[in-house]
Amino acid sequence: MAARTEHEVLATELRWTIAVVASVALISLAILWAGLVHFINPPSNLETIDPTKVHLSPEFTEANLGTRVDEGGRVTTRIVTAQFAFIPPCVVVPADEPVTLRLVSPDVIHGVLVTGTNVNTMVVPGYVSQVHTVFQKTGDLLMPCHEYCGIGHSQMWSTVRVVPKAEFKPGPDGRALCEKP
Amino acid sequence: MKSLERLTLAHLWTAFIAFAVACVFGLWQMLARSPIPTPGFTPSNYFISVTAHGAAMAYVLTTFFIMGFGYFTAETALQRPLPGKRIAWAAFGVGLLGVVMAVVPVLLGRASVLYTFYPPLTGSAWFYIGLVLVVASSWVWCAIMIVAMRQWKRANPGRPVPLAMYATVANAILWLWTTVGVTVELVFQVIPAALGLVDTVDVGLSRTLFSWTLHAIVYFWLFPAYIAFYTMAPEAAGGRLYSDTMGRLSFILFVLYSLPVGMHHLFMDPEHSTGFKFVQMTLTVLVTVPTLLTIFTISASMEFAGRLRGGKGLFGWIGALPWERPMVLATGLAFFMLWFGGGGGLINMSYGMNAMVHNTSWVTAHFHLIFGGTVVIMYFAIAYAIWPQLTGREAPSLRAQRIQLWLWAIGMMVMTLPWHYLGLQGQWRRVAQFDYANPIIAAWGSWVVVSVAGGAMLLASALLFIWNLAAFHRARTPVQAPFRFALAIHPPERVPASLNGFGLWNALVAVLMLVAYGYPIAQFFIHDRPVAVVHRVDGAQP
Ligand code: HEM
Ligand SMILES: [Cu+2]
Ligand SMILES: [Cu+2]
């Protein structure tokens, strides 16, 4: 590197700085593009729910949990994450179809991911976490709690059963349940 | 021994003893997560261990190391006595008391909330109060650093503050800003809950306040490594720093851009809108700028040194560098780990890809590589460089130091490469034990065992490090040359006032923080957000 005078040093550094700023701008654009064009955005729906009244809310009463298909054919899976279990412990979803996961916590912070997919969100008491996804692979996927929530955290996991579209048969009330393995 | 040396040694030994003990815990955790049977395993012991390991590494090693190194730098770089040594000792006492207050409840299993203590989980109040004392003690350090620089400037009007000290004060200022978030969270939310004064917590607010601290704290840890790159490595390599001005600019950029970006830790959280996540992500991309500038300036300095030593051609200067010197070797190894770690960081920060890795082993592996690898290996190199001055003796064996550094870098790669891979496979973090009977998890087993082997190498290296430092105290050869910081090829005669102080930059940080965090924090007061009920982990009745 040229370094005969201080001026030379600064000129070299300036050239490098321009290169750095250009590549950083490029990276930003790539992320922007992913966000705007492919709708790769994190879950941020800002919907609140009183954690002490989760089980009383019409949406998250026990009888409404799991997967349900509404009149418009939209598939929504509702899950309560509580120390130290998922309710229900297994959910069934169709492959190759948009699915909305809605999760709430009545107690502490939890988080979920589904192995082998991009499904990932925190579940913070006070808020409804919502994730839209399309499951591509069929089979039993692991859905663990990925945020430390107390001594039983390691035992807190559940199953997402992805079945081919043709085998996904909700009952007359629109609910679909995991058959026992 | 002189008083500065005693003060520095007290801090650094506290840091390194906590570090070595935490490494023992770390290897035990590695075993627990693996298919190998582990002595003393219970889930409760695991979370005691992770809380102790995480807090010791993140809060004790770093804070005490940075304080000790800062005191040393202030006196050595400014070449005048450190002001307020008595106060510094008192602060050290408060910090040490804080560590004891925090460690005891952790080991008793009454504060297994991990080092991030996400409420509404709540442990013993002693744990949090102890941590606040450690922070308070570091604030005293910040004040002493600022006063030392002021006094020097008054005695040397118009002259540029030596780069090592300028960087140290930059870190002190960064740290004052950084600790606001976590301290407010602890004092106004967590400690009242732990004392039973309140029984609910606004979790969205507490997560937001913690995120304020969570990114910038990493740069606080990183600063000593960068100080060593700029002001120690070029001298050790037999050359000079390529550009002093670039050093100043990089340190200023760190102060500016490591603060308004903490919300990238909340990408997967439901309590913030996409808009603010996006703003902070954009600012996050900018923090890569000072690191890229540093890589260039330090590589140029090394090239300069290599050519002085007769290196020829495009890459010949690399071979000509004195790799047998621990500081040069550590810098090379740190850069090597930085390439891998930096690549991983790009993935974490991009807002969409984050979903693939959030809270998986990828993240744990990433910060072990960057923080445990790049940063801590420079802590080792700094210790080796200043211990002769601190003890007045030369090292009995540079070879043992080199072996230790190699062992750390190789161990870190062996531990973290499979760990990254497992994260991509969906292995999640903070788990005491995996069910290896599950076919998905069973497939991970052999990679977990490889990373255990890496952990064992790291523990061996940590113990050798302690041995190497102890060897100075037993050595007989008196120190040959006094320690000094590297000079630039063209040392600046004068620098603009903005590159010699922090007034302007503090004002800019305030503006950036207002933009980045103003509404995200205010929303919890404007809108009525639900609160969560405190969940105690220590069995205490409210
Ligand atoms: C012998 C070397 C080390 C080993 C074997 C080791 C291993 C581990 C393991 C197994 C975990 C738990 C991960 C989990 O449960 O998901 C962990 C956590 C952690 N380690 Fe290390 N580690 C070592 C060195 C370090 C170093 C040098 C640092 C930083 C200076 C560090 C910082 C941390 C932190 C902050 C956590 C907390 C993670 C959390 O709460 O999720 N470790 N380490
Ligand atoms: Cu959980
Ligand atoms: Cu959990």
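Annotations for the structure displayed:
- Descending semi-axes in whole angstrom, ellipsoid equivalent of region B:1-99, from the Cα gyration tensor: 36, 12, 9
- Per-atom-type breakdown for region A:47-176 gives carbon and sulfur 55% of the accessible area (1.4 Å probe, protein chains only).
- Cα-projected label distance for residue A:96 with residue B:525, points at 7 Å along beta-carbon direction, nm: 5.4
- Here's the list of aspartates and glutamates a cross-link from residue B:85 could span, going by alpha-carbon distance under 13 Å and ignoring same-chain residues fewer than 8 apart: B:5, B:75.
- Taking a straight Cα-Cα cut-off under 20 Å and skipping sequence neighbours fewer than 8 places away in the same chain, the aspartates and glutamates within cross-link reach of residue A:165 are A:70, A:71, A:96, A:97, A:140, A:173, A:179.
- Ranked by the mean number of other Cβ atoms within 10 Å per residue, highest first, peptides B:366-374, B:271-279 order as B:366-374, B:271-279.
- A cut-off under 12 angstrom between Cβ atoms defines the neighbours of residue B:301, and their net charge, with Lys, Arg +1 and Asp, Glu -1, is -2.
- Longest DSSP-loop-exposure-free segment, trypsin sites (Lys or Arg not before Pro), chain A, at most 14 other Cβ within 10 Å: A:5-73
- Antiparallel %, DSSP beta bridges [both residues in region A:58-181], to 5: 70
- Karplus-derived HN-Hα couplings along region B:489-499 (A = 6.51, B = -1.76, C = 1.60, θ = phi - 60°), whole Hz, x at Gly and Pro: 4, 10, x, x, 7, 9, 10, x, 4, 5, 9
- Accessible area of residue B:150 in the full protein assembly, 1.4 Å probe (Å², nearest 10): 150
- Rounded to 5, percent antiparallel among DSSP beta bridges of the protein assembly as shown: 70
- For the residue pairs A:53/B:277; B:153/B:312; B:2/B:153, the alpha carbons lie more than 31 Å apart in B:153/B:312.
- A crude spin-label estimate for the pair residue B:273 and residue B:346, with each label 7 Å from Cα along the Cβ direction, gives 3.2 nm.
- Cα-based helix-to-principal-axis angle, B:288-308 vs chain B, degrees rounded to 10: 30
- Global form of region A:47-176, assessed from the alpha-carbon gyration tensor, a/c cut-off 1.5: oblate
- Amide hydrogen neighbours beyond the local backbone of residue A:67, cut-off 5 Å, H modeled: A:78, A:92, A:176
- Amide N proximity, region B:322-347 versus residue B:315 label position 7 Å along Cα-to-Cβ, cut-off under 12 Å: none
- Counted by Cβ distance under 10 Å from residue B:390, the other residues give a net charge of +2, where Lys and Arg count +1 and Asp and Glu count -1.
- Averaging Cα coordinates gives a centre for region B:387-439 and one for region A:133-181; these two points are 36 Å apart.
- Helix B:445-474 and the longest principal axis of the Cα set of chain B meet at an angle near 40°.
- Neighbouring partner chain Cβ atoms per residue of A:112-125, average, 10 Å criterion: 6
- Computed in the context of the full set of protein chains, the accessible area of region B:1-89 at 1.4 Å probe radius has 67% of its extent on carbon or sulfur.
- Under the combined filter of DSSP loop state and at most 16 neighbouring Cβ atoms within 10 Å, region A:40-117 retains these GluC sites (Glu not before Pro): A:59, A:71.
- Separation between Cα centres of region B:223-260 and region B:123-201, rounded to whole Å: 22
- Using alpha-carbon coordinates, inclination of helix B:203-231 to the longest axis of chain B, degrees: 20
- Isolated Cys residues of chain A, judged by Cβ distance under 4.7 Å to other cysteines: A:145, A:149
- Taking amide H as placed 1.01 Å from N in the peptide plane, residue B:535 has its amide H under 5 Å from the amide H of B:121, B:122, each at least 5 places away in sequence or on another chain.
- A simple count of charges around residue B:533, restricted to other residues whose Cβ falls under 13 Å of its Cβ and scoring Lys, Arg +1 and Asp, Glu -1, yields -2.
- Rounded to 0.05, the FRET efficiency of the residue A:5 and residue B:442 pair, given R0 = 56 Å and the Cβ-Cβ distance, is 0.30.
- Top of A:25, A:63, A:166 by mean-square fluctuation, Gaussian network on chain A, Cα under 10 Å: A:25
- Radius ratio Rg over Rh of region B:3-536, counting only Cα atoms, Kirkwood formula for Rh: 0.95
- Remark: accessible area buried at the B-A interface is about 5500 Å², both chains counted, probe radius 1.4 Å.
- Cα-based shape type of region B:310-405, given that a ≥ b ≥ c are square roots of the gyration tensor eigenvalues and the cut on a/c is 1.5: oblate
- Computed [θ] at 222 nm, deg cm²/dmol, the protein assembly as shown (DSSP H ≥ 4; -39,500 (n - 2.57); rounded to nearest 500): -18500 deg cm²/dmol
- All Cα pairs of the protein assembly as shown, percent lying beyond 33 Å: 51
The values are calculated or read from the model by the stated rules, or taken from the named source; none is laboratory data. Quick caveat, the model's predicted, so the values are computed rather than measured. Note that each Cβ is placed from the backbone with ideal geometry, even for glycine, and that neighbours are counted across all protein chains shown. Just the protein is used for accessible areas: all its heavy atoms, side chains included, with ligands, DNA and RNA removed. Shrake-Rupley method; radii C 1.70, N 1.55, O 1.52, S 1.80 Å.
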